[in-house]
Amino acid sequence: MIFAIILLPLFSFLVISFVLRPFFNNRPQLSAYTTICAIVGSLILSIWALIAVNGAENHVLTSTSYQWLAIGDTVINIGITMDSLAAIMVVTVSTISLLVQIYSIGYMKGDGGFARYFAFMSLFTASMLGLVLADNLLFLFLFWEGVGLCSYLLIGFWFHKPEAARAAMKAFVVTRLGDFGFLVAIIFLYVKTGTFDIGELHELALAGVLGGSTLTLAAIGIFSGAVGKSGQFPLHTWLPDAMEGPTPVSALIHAATMVTAGVYLVARMFPMIASSETAITVVAIIGGFTAIFAATMGLVATDIKRVLAYSTISQLGYMMLGLGAVGIGYASGHLDGHHALTLGVAVAIFHLFTHAFFKSLLFLGSGSTSHATGTFDMRKMGGLRKVQPWTYVTFVIGSLSLAGIWPLAGFWSKEGILHEAHAYTPVLFWLAMITVFMTAFYMFRAVFLTFHGEYRGGKEGSHSHGLHESPKIIIIPLVILAIFAVIAGWLPVGDFLGADVHFSFFGALTSWLAWASLSFGIAGILLAYIIYVRKLLSAKSIGQSLGPVYTLLIRKYFFDELYERFFVMRFLVDGIFAVFQWIDTYIVDGSVNGIATITVAGGKVMRRLETGQLQVYGLAIFIGILAIIAFLFIFS
Amino acid sequence: MDFPYLSTIVFLPVIGAIVIALLPGANPRRIKLAAAAFTAVSFFLSLALFSMFDRSLDGPQFVEQLSWIPAINVQYFMGVDGLSLPLVLLTTFIGFVAVLVSWNINLRVREYFAWLLVLETGILGVFCSLDLILFFIFWEVELIPMYMLISIWGTGRKEYSAIKFVLYTLFGSAFMLVGILLLYFQAGTFDMIALAGMGLDSILSSMMAAAIFFLIIIAYAIKLPIFPFHTWLPDAHTDAPTAVSVVLAGVLLKMGGYGMIRVAVGIFPETAHSYAPLFVVVAVIGVIYGAAMTLRQTDLKKLIAYSSVSHMGFVLLGIFALSQVSMTGAVLQMVSHGIITGLLFAMVGLVYSKTHERSIPRLGGLVRQMPVIAVVFSIAGLAALGLPGTSGFAAEVITFLGSFGSTMVPGIHIYTILAITGVVLGAGYILWMLRRVFYGPPRDEYNGVPDADKLEKVYIFAFVAVIMLIGLYPRILTDIIKVGIQTITGGL
């Protein structure tokens, strides 16, 4: 039964690829319906699983495992586990995926690759569900790369655009850099412990059998995979470029699900990673730093999807910070065992859960605006609230939720993380508070630039015939997501994950922390209002007065230049590798050809001796005999 | 004596070659059909062998043993075990597909197919021989058709590449022959099974064992090839006709890996153990250096050729990590690389035959004009970069698991980690190549260029099916390979 959650969308992928596309290519809608049916099936099974897990002993449903490999003592099994963490994830993934697929029917209408799009989306959903359910690291890695592949295919969906092809490749290669560490860690762990099984690894780590530098190195290796997948610093550069893909793809893969796989991985491995104080400190620092680092770039981006992309990186940083902060509390002994381990997972996954709704809402909303204007450049938008009231209202709800305004979903989950950060990582806590301010500012900057003021687009966009509200099939998913963006925070996700979370609708407003973060958020919104609506301050003059800082931000701290132009091209491909090529041509192959040339030349020299004249040979024989006789005489 | 399966499988192609040579009339279609029929029967027979093979027995099966030159105790001794059977299957598969790949050959058709079939017999013979003289003869037989095929039906500097390939291989063979003769005078037999069971490491002086070991292994090092003996490979691959590149990458290189395991490590496990660090270092250099060279290439075919150098580094690493898992991984990597790179060369051939262009900067946006070729090329590329679900991943991860955990070589985990960086570089060169060739804006000059035709689709999809099958269910091969490897690692 649990396997069916993965198999349904996989089956949909196969049907679309091998039946619908070759034989029913004139009716592309069929592929959308197939995908949606499969995902509805997965969603129903996921909800069933959620309920079943809640009632099950130890909150775990296990399934049979299969032997994938057996060589001597090396036996690799693959199987799946449904526990509370997995249950929350599968429900989130299939819900968002379903809404995104419905939206896509409207958004991708008329695209030549309609069937291909849904085939990839099915494959993605299957891989993502598999990733969540896998019970051992190697099997998880299989799906981990599977979602990476789908991300590659969908970013490059419009492959004729050079930027899309470039972004797809960048996404794959940069994440693979992180996966390198992940794979090494998996192999390392296997060699040290003889198992890939996540549950067994936790037991070994908690029992102290797995510890010391082995544990730290393995944990950091696993985290490096998460850094790549979740776009954390320093492997964040691929995610903004990934916005070249279709917007529903950004909503599903690059906001709600795949990029959160890194957070999920750290959460899944939390008992093991948190057992190493060094590793968990790295998680906290990378997370906290990424949160503010990405937010600064979001302040100046002019493309609405890129603002959202930086926001996603930043929010993923929050989730990592949540895990890291609790982990530090655990590793330093401030929190007791079982409670700490569930608490860390609970705060991070709760934010992952609420974020999935409001961020996919925001992405889909930006897609709706582009449906009207044909652009994602906020400088060419403006005034859309009049023509797109539904999009506007839902977008504002999403933004408020992201900004962490009470009582929307984002408030609750962000509060949880800030609370833990305040307790165990005070420095990172203050960075996170500044990030709250920045988040509110850049989101409302986007709201005001897009929906307020006057329309600045001029010429009509490619999608549109004049400005208009999007069709119902696009609006309905927005409205559903907006409802979740409000209420998702009220759901007892933390309790379900086993952490004792006290939920009190008004009681939350009694803590100073809530008021502090609310005031940071509201201050951000107000500043955006002053600059972009009241225009009391000019954005341009602020930018100019901060000249170099502005340049630094708009050029994304020059990381693209550093990585791609300098490191990869100058240093490696046109540097060291060019030297290798020179060596290969002139030394390695040169010596091969050299030996050949010497042989031929030697032959030419020797050939002169073979004159063909009998007299010369006779003379040589005569001299030779004389020499032998002389030799014998002298030495005998 | 049972039905001589192995002799039938090995000699069917050469009988086919004779039939083709004698076939009356010059109808090229009939020649091609005959070639396809003989190779297909050979392939199906080896499939039957694969299903009949007893997976619980180590030691050779389907043995045929006859005295051949009694004076020096040379035998006609054939047999397959878990190590050689997958390679036999790979060879007959690639041999059959190579005929299909060559369907559009129009120049001197009769000779071409005759040579192609002789080549297959030569390679199969190497994998089935259990007598060193027989082995050596088959090893040399393969050179003549290769020389003809590259120098007549090749492109570019084909004569140079053909002669370079032949001389380089002969150079190695000369050493191997000396090694084999030394071995005979020391041990008194050419029987590979008997030699492997003698424990020659301890009988012979360590100097003598090392001398024979290195004399023999030079030939395999050139064939595999390992750094720095690899420079014949890009030339030969690039200038060979497509089907020959497929055979070359698909199975010919594997003769090197097979020889290393069967002859060098199999007969001298302890000597191999002493010198393993040297080979492991060379393997890592090969992986990274090969990948670096691949990133520099602008010729599509040369790019794939250099990627082989990198991938063969994984094979070498697996062999000289000397654990059962790592060597099983190495053999699986040989089979997997044979299928994947065979397909990649076939795809390069298709692209070239349609566009008449191999220079990457002059290609681009082809996915619009040739969607099927683009999709299959991409799948082959993803398999080459080791995407899970493909045979490339299964083979690499088993090799890495085995080598990382090996206790035979000090510091092996550092070398393994270095080798794994090759996987990142692999993603780089494969995806960069795919992007430059297939993606981006379509080019007008390739408008109207045809996509793969029916026959081409049949064999490229067959390749893809095998890649996925091994990737999802590697036990189909590892269960056999491990039995063959067991007898070899048992000596350590």
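Every condition in (1) within 14 Å of chain A (Cβ to nearest Cβ); (2) more than 20 Å from A:L153 (Cβ to Cβ); (3) at pLDDT 90 or above holds for B:V409 except the one numbered (3). Residues of the stretch A:473-520 that are of a type in the set (F, W, Y) and in a helix (DSSP H, G or I): A:F484, A:W490, A:F496, A:W512, A:W515, A:F520. Which one is nearest to A:L131 (Cα to Cα) among residues in the stretch B:356-373 that are facing another protein chain (nearest Cβ under 9 Å) and either open to solvent by 10 Å² or more (accessible area, probe 1.4 Å) or aliphatic (A, V, I, L, M) (or both)? Only one residue fits best here, namely B:V367.
Going by what's in this entry, would B:L418 be described as within 11 Å of chain A (Cβ to nearest Cβ) and buried (at least 18 other Cβ atoms within 10 Å of the Cβ)? No: the conditions fail for B:L418.
Going through A:L149, A:L137 one at a time, which residue ends up being touching a Leu at 6+ places or on another chain (Cβ under 9 Å), at the interface with chain B (Cβ under 10 Å from one of its Cβ atoms) and not basic (K, R)? Can you show your working first?
Working: A:L137 fails: at the interface with chain B (Cβ under 10 Å from one of its Cβ atoms).
Unique residue meeting the criteria: A:L149.
Determine whether A:F293 is touching a Phe, Trp or Tyr at 6+ places or on another chain (Cβ under 8 Å), open to solvent by 10 Å² or more (accessible area, probe 1.4 Å) and either part of a loop (DSSP other than H, G, I, E, B) or farther than 21 Å from A:F444 by Cα (or both). Criteria not met by A:F293.
I need the full set of residues from the stretch B:221-274 which are within 14 Å of chain A (Cβ to nearest Cβ) and either at positive phi or polar (S, T, N, Q) (or both), in order please. B:T231, B:T238 - these are the residues of the stretch B:221-274 that are within 14 Å of chain A (Cβ to nearest Cβ) and either at positive phi or polar (S, T, N, Q) (or both).
Screening A:Q544 against (1) surrounded by 14 or more Cβ atoms within 10 Å (Cβ to Cβ); (2) modelled with pLDDT under 85 leaves a single unmet condition, (1).
Could you pull out every one of the helices (runs of 4 or more DSSP H) wholly within the stretch A:196-250 that has 2 or more residues that are open to solvent by 10 Å² or more (accessible area, probe 1.4 Å)?
Values: elements: A:198-206, A:212-229, A:238-241.
Qualifying helices (runs of 4 or more DSSP H): A:198-206, A:212-229.
Do the conditions hold for B:L215, that is, is it more than 14 Å from every other protein chain (Cβ to nearest Cβ), open to solvent by less than 40 Å² (accessible area, probe 1.4 Å), in contact with a Phe, Trp or Tyr (Cβ under 6 Å, 6 or more places away or on another chain) and not charged (D, E, K, R)?
Working: more than 14 Å from every other protein chain (Cβ to nearest Cβ): yes; open to solvent by less than 40 Å² (accessible area, probe 1.4 Å): yes; in contact with a Phe, Trp or Tyr (Cβ under 6 Å, 6 or more places away or on another chain): yes; not charged (D, E, K, R): yes.
In short, yes.
Every condition in (1) within 14 Å of another protein chain (Cβ to nearest Cβ); (2) modelled with pLDDT of 80 or more holds for A:Y532 except the one numbered (1). Just so you know, in the stretch B:426-451 the residues that are among the hydrophobic types (A, V, I, L, M, F, W, C) and at the interface with chain A (Cβ under 9 Å from one of its Cβ atoms) include one that is nearest to the chain's Cα centre (by Cα), and it is B:A427.
Selection over the stretch A:572-589 of residues that are at the interface with chain B (Cβ under 9 Å from one of its Cβ atoms) and over 30 Å from A:E561 (Cα atoms) gives a count of 4. Which condition does B:V246 not pass, out of (1) touching a helix residue (DSSP H, G or I) at 6+ places or on another chain (Cβ under 9 Å); (2) more than 24 Å from B:N104 (Cα to Cα), if it passes all the others? Of (1) touching a helix residue (DSSP H, G or I) at 6+ places or on another chain (Cβ under 9 Å); (2) more than 24 Å from B:N104 (Cα to Cα), only one is false for B:V246: (2). Taking the criterion of being open to solvent by 40 Å² or more (accessible area, probe 1.4 Å), at the interface with another protein chain (Cβ under 10 Å from one of its Cβ atoms), over 14 Å from B:L322 (Cα atoms) and in a helix (DSSP H, G or I), the residues of the stretch B:465-492 that qualify are B:L472, B:R475. Among the residues making up the stretch A:456-490, those that are modelled with pLDDT under 85 and open to solvent by 70 Å² or more (accessible area, probe 1.4 Å) are A:R456, A:K459, A:E460, A:S462, A:H463, A:H465.
For the stretch B:57-87, which residues satisfy the criterion of being out of contact with any Leu (no Cβ under 6 Å at 6 or more places or on another chain), open to solvent by less than 20 Å² (accessible area, probe 1.4 Å) and in a helix (DSSP H, G or I)? Once the filter is applied, which keeps residues that are out of contact with any Leu (no Cβ under 6 Å at 6 or more places or on another chain), open to solvent by less than 20 Å² (accessible area, probe 1.4 Å) and in a helix (DSSP H, G or I), the stretch B:57-87 yields B:S84, B:L85, B:L87.
The values are calculated or read from the model by the stated rules, or taken from the named source; none is laboratory data. None of the values given here were measured: they were computed from a predicted structure. Note that each Cβ is placed from the backbone with ideal geometry, even for glycine, and that neighbours are counted across all protein chains shown. Surface accessibility is based on the protein's heavy atoms, side chains included, excluding ligands, DNA and RNA. Shrake-Rupley method; radii C 1.70, N 1.55, O 1.52, S 1.80 Å.
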